[in-house]
Amino acid sequence: MTQHLTIVDHPLVQHKLTLMRERDTSTAVFRQLLREISQFLAYEVTRDLPMTKRTIDTPLQEMEAPVLAGKKLALISILRAGNGLLDGVLELIPSARVGFVGLYRDEETLEPVQYYFKVPESLEDRLVIAVDPMLATGNSSVAAIDLLKKSGAKNIRFLCLLASPEGVARMKEAHPDVPIVTASLDSHLNEKGYIVPGLGDAGDRMFGTK
Ligand code: URA
């Protein structure tokens with residue numbers, strides 16, 4: 001991918017996103033819409049995957065047919081909200097390897113601290129797609145990508161549902177080599193770090209917690 005930020009402006013994505021943003025959308029519908037949108041986002045983030053050819057037999061003749069090249073890609077869910085995006089992406093790319101990064105914010109230093117990290121082997125040979133619905137301050141996304149790079153990842157993309165201008169700028173500064181694919185670039189962050197207009201807390205809305 002050459003662009004640092006790709007906004008998927010497909011009408012179906014934008015329509016579904018509007019339904020997700022609405023305050024009164026139920027948990028079940030929110031989760032279903034996220035699953036649907038994540039497949040469009042996955043389509044976009046993988047559109048330039050390298051291909052090779054394999055000889056196959058159709059019922060009529062032999063042919064050289066295109067197939068994905070290289071090692072299976074790695075999907076990395078940034079816990080916990082990343083899991084909501086992960087499900088839909090995995091439906092589209094069922095053979096992907098899957099990893100999880102868990103971070104919490106130290107209330108004193110405000111720095112992200114790792115509490116869980118389990119990723120597929122040979123990250124250096126895979127396209128790595130990190131997923132987290134909300135790119136807000138960018139602190140946890142930047143920290144997660146730092147960890148993935150420390151584990152060898154070289155070819156990383158970041159998939160989110162909503163991004164803030166602040167989060168995009170932070171990512172571009174820290175990881176200019178990591179393209180971002182999102183359904184919307186919203187207006188700004190509020191004083192509590194929420195994306196505005198946004199959709200609220202993505203984890204709470206998809207898991208029904210408060
Ligand atoms: N995380 C969320 O879930 N929502 C926001 O608006 C910002 C961060």
- [ ] Return the only residue of Gly198, Gly203 being at positive phi, touching a residue at least 60 places away in the same chain (Cβ under 8 Å) and within 16 Å of the ligand (Cβ to nearest atom).
- [x] Gly198
TODO: Considering only the range 70-118, state which residues are in contact (Cβ under 8 Å) with a residue 24 or more places away in the chain and among the hydroxyl-bearing types (Ser, Thr, Tyr).
DONE: Ser77, Tyr116
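Can you tell me which residue within the range 97-115, out of those that are in a strand (DSSP E or B) and of a type in the set (D, E, K, R), is surrounded by the fewest Cβ atoms within 10 Å (Cβ to Cβ)?
Looking only at the range 97-115, we keep the residues that are in a strand (DSSP E or B), and these are 97-105, 112-115.
Now restrict to residues that are of a type in the set (D, E, K, R): 97, 105.
Working: Arg97: 18, Arg105: 15.
Out of the qualifying residues, it is Arg105.
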Open item on the list: I'm trying to understand the selection: among the residues of the range 1-44, which are closer than 24 Å to Pro176 by Cα and part of a helix (DSSP H, G or I)?
Closed with: Ser38, Phe40, Leu41, Ala42, Tyr43, Glu44
TODO: Read through the list (1) at pLDDT 95 or above; (2) within 30 Å of Leu147 (Cβ to Cβ); (3) exposed (fewer than 11 other Cβ atoms within 10 Å of the Cβ), then give the number of the only condition that Thr2 fails.
DONE: (1)
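Quick check on this structure: which one of Leu33, Leu19 is in contact with a Lys or Arg (Cβ under 8 Å, 6 or more places away or on another chain), at pLDDT 95 or above and farther than 24 Å from Ser95 by Cβ?
Result: Leu33 is the single residue among Leu33, Leu19 that is in contact with a Lys or Arg (Cβ under 8 Å, 6 or more places away or on another chain), at pLDDT 95 or above and farther than 24 Å from Ser95 by Cβ.
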Open item on the list: Can you tell me which condition Gly193 does not meet? The list is (1) of a type outside the set (S, T, N, Q); (2) in contact with a helix residue (DSSP H, G or I) (Cβ under 8 Å, 6 or more places away or on another chain); (3) within 12 Å of the ligand (Cβ to nearest atom); (4) farther than 24 Å from Lys71 by Cβ, and all the others hold.
Closed with: (2)
Task: Positions within the range 72-126 being in contact with a helix residue (DSSP H, G or I) (Cβ under 7 Å, 6 or more places away or on another chain) and among the polar types (S, T, N, Q), in sequence order - done: Ser77, Gln114
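Do you know which residues across the range 187-206 are buried (at least 21 other Cβ atoms within 10 Å of the Cβ) and outside any helix (DSSP H, G or I)?
Ile195, Leu199
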Open item on the list: more than 16 Å from Leu161 (Cβ to Cβ) and more than 19 Å from the chain's Cα centre (by Cα): which single residue out of Leu103, Leu110, Leu123 fits that description?
Closed with: Leu110
Task: Selection within the range 166-181 - buried (at least 21 other Cβ atoms within 10 Å of the Cβ) and within 13 Å of the ligand (Cβ to nearest atom) - done: Gly167
TODO: For the range 116-165, name all the residues that are under 26 Å from Arg205 (Cα atoms), in a strand (DSSP E or B) and more than 16 Å from the ligand (Cβ to nearest atom).
DONE: Tyr116, Phe117, Lys118, Ile129, Arg157
- [ ] Please work out which one of (1) within 24 Å of Phe207 (Cα to Cα); (2) free of Cβ contacts under 8 Å to residues at least 24 places away in the same chain is the condition Leu12 fails and give its number.
- [x] (2)
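The values are calculated or read from the model by the stated rules, or taken from the named source; none is laboratory data. Small disclaimer: the values here were computed from a predicted structure and weren't measured. Neighbour counts run over all protein chains shown; Cβ positions are idealised from the backbone, glycine included.
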